[in-house]
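Written below as structure tokens is the structure these notes are about.
The values are calculated or read from the model by the stated rules, or taken from the named source; none is laboratory data. Computed from a predicted structure; not experimentally measured. Heads up, the Cβs are rebuilt from the backbone with ideal geometry, glycines too, and the neighbour counts pull from every protein chain shown. Please note that ligands, DNA and RNA were not included when accessible areas were found on the heavy atoms of the full protein model with its side chains. Shrake-Rupley method; radii C 1.70, N 1.55, O 1.52, S 1.80 Å.
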Amino acid sequence: MKRYLVLAEGKSADPHYGKTLRGVVDYGLDPVVAILDTQRAGETHRDIPIVGSVKEALEYAPTTALVGVATQGGRFPPEWRVMLRESISAGLDIENGLHEFLAFDPELAGLAETLGVELRDLRRPPAGLSVPTGANLAVDADIVLTVGSDCAIGKMTVSLELDRAARGRGLESVVVPTGQTGIATAGWGIAVDAVVSDFLAGAAEQLVVEGARHGGRLLWVEGQGSLVHPMYSGVTLGLLHGSAPHAYVLCHRAGSNEIEGAPGHPIPPLDALVRLHEEISLPARPALVAAVAVNTRGLDDAAAGRAVREAAELTGLPADDPVRFGPDRLLDAVLAALPAGKAAAAPSS
């Protein structure tokens, strides 16, 4: 078992850029024993101590330092090199989810080799990726893809919550990780936003095939980007066609009407987003939006309830916030929408 020190300098309180930290703490298989953020040293996050240095973190006996933040463009700020160097010098393996690969850094890779430390670049695509073969249409599982009105609004969290609920009902359910946070929590997967565009759909196909090999008869594919995002729509479409889902769960942050970080780019109404995803489905595998997951973070319970009701009224679909109000309503809607019912017919032994 790994014991994580999560490197989250300046972002441990940020739900957007600190989402890897949150994902690993809430859903990871291995424990987080400390978080490094000099701006919050002495505080805690979910009862996990926040420390001000790698040296201070060693008191909690971590084995692996995980880069727990996202950055604009996926690059390391210059000051991060000090933390990375200190972590390697302390004998900690490094897991890195940014686009800047540590294994290609001569200084850090050389130091790691000298000290016998492993550098794992979670976004580094595996060798041998190619275009889809059609195997995605032959996977013996029901496939559900979370899609969204924007980036970083909870697509991974919705996938994990619905998977947890499905497994609680005895279903053979598996989350298919498509990004660095999902890979860190599950221990496998491909970061599809780092794959050459021609092979992105092929990578998604490989992932759903592997998800079935992991025992999944119900696969929750972690969504990426958004079809209406001016920067990241490409990864969304490749993932959508390559994973060939039977159904979608549309995710939306309550109150959002413009793409975050892209002024002047409006978010269409939810009913229009439902039609967009259904119409752009792979023709060989038409899929419907089964439900709407509403992220109500920052709202009080009354406002959150109104936001959920408004989403349901606008789309005519079941809607809920699976974190605040529980996942059962959304899970029921998804299971009802699946065509062959493989998941419902195959309870785990």
Among the residues in the stretch 309-329, are any surrounded by 21 or more Cβ atoms within 10 Å (Cβ to Cβ), among the hydroxyl-bearing types (S, T, Y) and farther than 21 Å from H246 by Cα? no
Of (1) open to solvent by less than 30 Å² (accessible area, probe 1.4 Å); (2) in contact with an Asp or Glu (Cβ under 9 Å, 6 or more places away or on another chain); (3) among the polar types (S, T, N, Q); (4) in a helix (DSSP H, G or I), T20 satisfies all except one. Which? (2)
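Restricting the search to the stretch 35-70, which residues are among the aliphatic types (A, V, I, L, M) and closer than 25 Å to R123 by Cα?
Result: I35, L36, V54, A65, L66, V67, V69, A70.
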Go over the candidates L250, L270, L282 one by one and state the one that is in contact with a helix residue (DSSP H, G or I) (Cβ under 7 Å, 6 or more places away or on another chain), more than 18 Å from S159 (Cα to Cα) and in contact (Cβ under 8 Å) with a residue 60 or more places away in the chain. L270
From the list L200, L218, L237, L227, exactly one residue is modelled with pLDDT of 95 or more and under 19 Å from L162 (Cβ atoms). Which is it? L218
Residue hits (the stretch 61-76; in a loop (DSSP other than H, G, I, E, B) and in contact (Cβ under 8 Å) with a residue 40 or more places away in the chain) are A61, P62, T63, G68, V69, A70, T71
Among (1) of a type outside the set (S, T, N, Q); (2) modelled with pLDDT under 95; (3) surrounded by fewer than 17 Cβ atoms within 10 Å (Cβ to Cβ), which single condition is A272 missing? (2)
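Are there any helices (runs of 4 or more DSSP H) wholly within the stretch 246-349 with 2 or more residues that are within 21 Å of E161 (Cβ to Cβ) and touching a Pro at 6+ places or on another chain (Cβ under 6 Å), and if so which?
Details: elements: 270-279, 301-315, 328-337, 342-345.
In the stretch 246-349, 328-337 are the helices (runs of 4 or more DSSP H) which contain 2 or more residues that are within 21 Å of E161 (Cβ to Cβ) and touching a Pro at 6+ places or on another chain (Cβ under 6 Å).
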For residues that are in contact with a Leu (Cβ under 8 Å, 6 or more places away or on another chain) and over 20 Å from S159 (Cβ atoms), tally how many sit in the stretch 295-315. 2
Kindly indicate whether P245 is over 26 Å from R22 (Cβ atoms) and either out of contact with any Asp or Glu (no Cβ under 6 Å at 6 or more places or on another chain) or charged (D, E, K, R) (or both). no
Considering the stretch 14-47 alone, what residues qualify as being of a type in the set (V, I, T) and either in contact (Cβ under 8 Å) with a residue 24 or more places away in the chain or farther than 17 Å from V69 by Cβ (or both)? T20, V24, V32, V33, I35, T38, T44
Which of the numbered conditions does V32 fail, given that it passes all the others? Conditions: (1) within 23 Å of D121 (Cβ to Cβ); (2) open to solvent by 30 Å² or more (accessible area, probe 1.4 Å); (3) in contact with a helix residue (DSSP H, G or I) (Cβ under 7 Å, 6 or more places away or on another chain). (2)
Those residues that are open to solvent by 10 Å² or more (accessible area, probe 1.4 Å) and small (G, A, S), I need them from the stretch 244-266; list them, please. A254, G255, S256, G261, G264
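Kindly evaluate V192 against the criterion of being among the β-branched types (V, I, T) and under 18 Å from the mean Cα position of the chain (by Cα).
Yes; evaluated as a whole, the condition is true for this residue.
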Select, from L58, L92, the only residue that is farther than 30 Å from D150 by Cα and free of Cβ contacts under 8 Å to residues at least 60 places away in the same chain. L58
Considering each of E107, E95, E86 in turn, give the residue that is modelled with pLDDT of 95 or more, in a strand (DSSP E or B) and charged (D, E, K, R). E95
State which residue is surrounded by the fewest Cβ atoms within 10 Å (Cβ to Cβ) when the search covers only the stretch 110-127 and only residues that are among the charged types (D, E, K, R), outside any loop (DSSP other than H, G, I, E, B) and touching a strand residue (DSSP E or B) at 6+ places or on another chain (Cβ under 8 Å). R120
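When you check R81 against the structure, is it surrounded by 16 or more Cβ atoms within 10 Å (Cβ to Cβ) and either closer than 30 Å to K55 by Cβ or in contact with a Lys or Arg (Cβ under 8 Å, 6 or more places away or on another chain) (or both), yes or no? Reasoning before the result, please.
Values: surrounded by 16 or more Cβ atoms within 10 Å (Cβ to Cβ): no; either closer than 30 Å to K55 by Cβ or in contact with a Lys or Arg (Cβ under 8 Å, 6 or more places away or on another chain) (or both): yes.
Judged against the criteria, R81 is not a match.
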